[in-house]
1. Which of 319, 462, 179 sits closest to the plus end of the dipole of the chain, meaning its Cα is farthest towards the positive end, when Lys and Arg get +1 and Asp and Glu get -1 on the C-beta?
2. Which whole-angstrom value gives the distance between the alpha carbon centres of segment 215-269 and segment 38-83?
3. Taking the 0 to 90 degree range and rounding to the nearest ten, how far is the long axis of helix 258-285 tilted relative to the main principal axis of the chain, both from C-alpha atoms?
4. If you find the alpha carbon centre of segment 397-437 and of segment 454-480, how far apart are they in angstrom?
5. How far is helix 107-117 tilted off the main Cα axis of the chain, in degrees rounded to 10, range 0 to 90?
6. Could you give the accessible area per residue of segment 1-134, probe 1.4 Å, as a whole number in Å²?
7. In whole angstrom, and with the biggest value first, how far do the Cα coordinates of segment 344-495 range along each principal axis?
8. Give me the net charge for the shell around residue 116: Cβ to Cβ below 14 angstrom, other residues only, Lys and Arg +1, Asp and Glu -1.
Amino acid sequence: MEKYLINPNQKIAKINKDIYGHFSEHLGRCIYEGIYVGENSKIPNVNGMRCDVVNALKEMGIPVLRWPGGCFADEYHWKDGIGPKKDRKHMVNTHWGGVVEDNSFGTHEYFELCRQLGCDTYVNGNVGSGTVQEMNEWVEYMTFDGVSPMAKLREQNGSKEPFDLKYFGVGNESWGCGGQMEPEYYANLYRRYNTYCRDYKQGEHLLRIACGPNVDDYNWTKKVAERVKWRTDGISLHYYTVPTGQWHNKGGATVFDNNEYISTIYKAYRMEELVKNHIAMLDSVAPNENMKLIVDEWGTWFDVEPGTNPGFLYQQNTMRDAIVAGLTLNIFNKHADRIMMANIAQTVNVLQSVILTDGEKMIKTPTYFVFKMYKEHQDNTLIGSYITTDKIKSKNDGDREFPQLVESASIDENGVIYSTITNTSATKAAKIKCQIADRKVKSVKAEILSGECHDKNDFDNSDAVKTVEFDGFRKLSDGFTATIPACSVVKFTIE
Ligand code: AHR
């Protein structure tokens with residue numbers, strides 16, 4: 001029996017709702033088809049945005065959406081995507097599949113989407129192939145509410161009022177697709193571009209994000225952070241879970257053996273080490289700044305579904321993905337004092353999506369249900385929690401280990417406690433005895449997402465994996481006992 005202690009007296013940090021954020025790029029069928037179908041589509045839409053997708057994302061509790069990329073961001077020239085649609089430039093999306101980008105989804109459409117979703121906004125600017133003036137004018141266009149050329153242009157295009165822009169990324173993967181730069185060079189460019197990203201709205205500060213490291217490139221973090229320091233509100237980290245660790249043969253989304261399953265979870269759990277080490281590096285470089293980390297690309301990355309365009313990054317999603325999501329979100333919660341935002345890649349039809357579409361059809365993936373289950377953590381206070389657990393060894397990774405149970409707990413303003421536990425073992429249940437410090441427990445409710453690790457939803461069977469009520473626990477006066485089934489994510493609500 002594992003021991004689980006939750007201490008509501010130990011209030012650690014507010015869990016920024018934006019940790020539950022998403023990412024949508026002009027890539028494959030994410031924006032076009034997946035989200036935006038245009039006003040004339042047969043698919044029910046409001047101003048071109050698919051109603052089914054918007055409703056599902058709202059129900060899941062999407063707090064913030066990053067756009068327009070990714071690699072696409074560093075080739076995106078925002079003026080191509082404003083004004084009458086018939087006049088917008090057609091161009092080649094060179095990064096992703098070489099398809100024609102007609103720019104029918106641009107700045108106004110993005111803010112309209114976020115308005116419909118009721119979520120916050122995160123726009124990523126172009127440092128790789130864009131100019132300082134272009135970036136400066138985009139920020140002016142989006143946020144200035146006085147008399148200026150860009151505010152006037154925005155009004156001509158139908159929006160007198162400025163948009164609500166919360167975060168702005170100054171470049172994306174500048175060490176790779178965003179310009180192949182060295183950290184010192186990027187840091188100096190950041191300082192220059194950032195200078196002209198003005199705070200146009202009276203009394204409001206635009207949160208700027210500097211391009212951070214790829215995986216464990218601590219040198220990038222060090223060099224950028226020591227040069228950028230107070231000039232940024234956060235530094236980003238990109239880390240994808242690739243089961244084999246090899247980009248030319250990543251492993252299939254639905255076909256994998258037990259060792260590959262374990263290796264996937266081991267690699268996903270590396271997020272804990274990466275977050276800790278990058279935060280330690282930020283602190284060693286800028287001990288008084290309390291610099292924040294933004295994990296604005298994370299998730300599983302498999303080989304594309306057979307027969308689909310390799311440049312579209314379309315992959316299925318199974319209970320294995322749900323376990324990756326469950327454990328990663330618990331890791332983010334536990335570091336809520338330093339992680340300001342995270343954005344899983346990518347919302348619809350690309351990589352670890354929460355939604356897949358096929359023409360008029362739409363399905364919710366196992367990952368969707370994890371986000372929905374965890375939504376109560378958003379803006380709650382992280383509280384102390386400790387669990388004993390077995391360790392699982394990954395043969396494919398030199399017998400390195402990761403925990404079988406990964407958990408986190410939060411409390412809301414009414415004193416209700418939420419605890420989410422991921423059992424990462426594909427085969428072994430775990431018995432736990434939970435004690436809540438200094439509390440008489442009135443009631444416990446629970447929900448579960450579980451299955452065999454290959455289980456998935458598809459267009460013929462869209463309901464195979466879903467959250468159900470969980471009754472595998474017994475309430476005690478100061479806690480509960482429970483058996484957490486293999487390959488499951490469980491949420492306890494404790495009053
Ligand atoms: O999410 C897909 C791609 O992965 C993004 O465009 C890029 O930033 C990263 O390499």
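The values are calculated or read from the model by the stated rules, or taken from the named source; none is laboratory data. None of the values given here were measured: they were computed from a predicted structure. Here the Cβ is made from the backbone with ideal geometry for all residues, glycine too, and neighbour counts use every protein chain on show. Accessible surface areas use protein heavy atoms only, side chains included; no ligands, DNA or RNA. Shrake-Rupley method; radii C 1.70, N 1.55, O 1.52, S 1.80 Å.
1. Looking along the dipole axis, the top candidate is 319.
2. 26 Å
3. 60 degrees
4. The distance from the Cα centre of segment 397-437 to that of segment 454-480 comes to 15 Å.
5. Tilt of helix 107-117: around 30 degrees.
6. Values: 4970 Å² over 134 residues.
Counting only protein heavy atoms, the per-residue value for segment 1-134 is 37 Å².
7. Computed over the Cα atoms, the extents are 53, 42, 26 Å.
8. Numbers: positive: 50, 58, 115; negative: 39, 52, 59, 109, 112, 120, 164.
Spelling it out: positives minus negatives among the neighbours equals -4.
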